[in-house]
Amino acid sequence: MSTTRTQVLDAVPVEAFRGTFAPADPVRAEGATLPPGWEGVFFPFAVALDDLRPDGTPARDGILPEIDLPRRMYAGEDTVFPGVLRVGDVATQTATAGSLVEKTGASGRLFFADIERAIAVGGEVVVRSTWHDVFLGAASGPARPPRTDPAAAAEAAWIDEVTLDARQLFRFSALTFNTHLVHYDRRWARDEEGLDDLLVHGPLLRILLVDAARRHAPDRRTTALRVRMTAPAFVDSAIRLCGTADASRVVALGPGEVVLATAEVTWA
């Protein structure tokens, strides 16, 4: 199954993202290069209300088959940037189901689903990505202790810190038309998903990781990005983005040195 959509990459969502999450960045008018990762504010979820699952994620999106597990989480993304996107471009995105694998783990059934996406301008693909999702059973009992890595901060060449509040989570949900309840319904996040609080969007953390790398390597062009989510990041909780000197690896750390996510960046 696949979908194809065409959208003008206009300046309004770009400025909305910049003003909310990257105020130190310059305003990007028509013709300006779109930073890598910021393509994530375009092609928002496009699913009718009746086609949502109880948790607010898509059930029938024309890409993945319906999966009979109640929880859905973003697990990461692999992206290559053979070209650049610019504000004002007319872009076409094709999204197709990729690998679909069912497994049984310590907590029960798991279903790993990939979505292959390509964004083209003028018939030339300029961004190609594989979006990784995992579907899980109902939350039951305490979660497995998350991985910690004290060395990530101790050995980092630089550390940026960000704390995201509920206003910012709401804005990212609105920008991407993301109705997943874990981002704005505390009762659902805690009672149904077993989370401590509202969850920071994985795709948002992906952009923040590559933005941090870009700030510390301003004269280089990103050609590939590999992001993996490893633990939940929560609202109102400090996130430290710890990078190597060449900004080729960034680790997001939460309280207690918990590894929230990792990003590996390839530069031209």
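The values are calculated or read from the model by the stated rules, or taken from the named source; none is laboratory data. Only a predicted model underlies this, so the values are computations on that prediction, with no experimental measurement involved. Counting neighbours? That spans all protein chains shown, and the Cβs are built from the backbone with ideal geometry, glycine included. Protein only, heavy atoms only, side chains kept; ligands, DNA and RNA dropped before computing areas. Shrake-Rupley method; radii C 1.70, N 1.55, O 1.52, S 1.80 Å.
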Filter the range 1-22 for residues that are over 20 Å from Val90 (Cα atoms) and in a helix (DSSP H, G or I); the one that is nearest to the chain's Cα centre (by Cα) is Phe21
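Results for (1) assigned to a loop (DSSP other than H, G, I, E, B); (2) more than 30 Å from Arg221 (Cα to Cα), shown as yes or no for each residue.
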site: Ile67; (1), (2): yes, yes
site: Gly76; (1), (2): no, no
site: Gly88; (1), (2): yes, no
site: Thr92; (1), (2): no, no
site: Ile115; (1), (2): no, no
site: Val126; (1), (2): no, no
Scanning the range 72-102 for residues that are of a type in the set (D, E, K, R) and touching a Phe, Trp or Tyr at 6+ places or on another chain (Cβ under 7 Å), the one surrounded by the fewest Cβ atoms within 10 Å (Cβ to Cβ) turns out to be Glu102
Scanning the range 50-71 for residues that are in contact with a strand residue (DSSP E or B) (Cβ under 9 Å, 6 or more places away or on another chain) and among the acidic types (Asp, Glu), the one most open to solvent (accessible area, probe 1.4 Å) turns out to be Asp68
Within the range 1-49, the residues that are open to solvent by 20 Å² or more (accessible area, probe 1.4 Å) and of a type in the set (Phe, Trp, Tyr) are Phe21, Phe45
Worksheet item: Could we say that Thr266 is surrounded by fewer than 18 Cβ atoms within 10 Å (Cβ to Cβ) and among the hydroxyl-bearing types (Ser, Thr, Tyr) here?
Response: yes
Filtering the range 85-127 for residues that are in contact (Cβ under 8 Å) with a residue 60 or more places away in the chain and in contact with a Leu (Cβ under 9 Å, 6 or more places away or on another chain) leaves a count of 10
For the range 191-215, pairs from a residue that is closer than 17 Å to Val250 by Cα and modelled with pLDDT of 95 or more to a residue that is open to solvent by less than 10 Å² (accessible area, probe 1.4 Å) and assigned to a helix (DSSP H, G or I), with Cβ under 6 Å and 6 or more apart or across chains, are Leu204/Phe172
